[in-house]
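The values are calculated or read from the model by the stated rules, or taken from the named source; none is laboratory data. Everything numeric here is computed off the predicted structure, so don't read it as measured data. Here the Cβ is made from the backbone with ideal geometry for all residues, glycine too, and neighbour counts use every protein chain on show. Side chains are part of the model used for accessible areas, which takes the heavy atoms of the whole protein and leaves out ligands, DNA and RNA. Shrake-Rupley method; radii C 1.70, N 1.55, O 1.52, S 1.80 Å.
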Amino acid sequence: MATHEVQAVRDKGMWQVFIDGFLVTEVPRWGSVGFVAREWVAMTEEVPSSEVDLSIRVVGRNQYIDA
């Protein structure tokens, strides 16, 4: 099981979801950030979503994401 860092940035009413430094999508609700990230990783790595380990960090608006 791999661990992935998820960064969430609130901008213009949406949460931008970055996984391991790459923007993958935007979601309208905070509650969707973890769900979407877990499903994205499960889909790209072809593993069950229950086996995906995430670390989620909120990054302030207008700050840069460290890649």
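With Cα Rg over 2.2 N^0.38 Å in mind, check (i) 0.96; (ii) 1.39; (iii) 1.05 and report the label derived from this structure. Evaluating Cα Rg over 2.2 N^0.38 Å on these atoms matches (iii).
Of the GluC sites (Glu not before Pro) found in segment 1-63, the ones in coil according to DSSP and having at most 12 other Cβ atoms within 10 Å of their Cβ are E46. Surface composition of the chain: carbon plus sulfur atoms contribute 51% of the solvent-accessible area (1.4 Å probe, protein chains only, all chains present). Looking at segment 1-63, the trypsin sites (Lys or Arg not before Pro) that sit in a DSSP loop and have at most 14 other Cβ atoms within 10 Å of their own Cβ are K12, R29, R61.
Just to be sure I understand the model, the point goes 7 Å from the Cα along the line to the Cβ. What's the resulting H4 to E39 distance in nm? Simple spin-label model gives 1.3 nm for this pair. For the chain, the solvent-accessible area of protein heavy atoms averages 67 Å² per residue (probe radius 1.4 Å; ligands and nucleic acids excluded).
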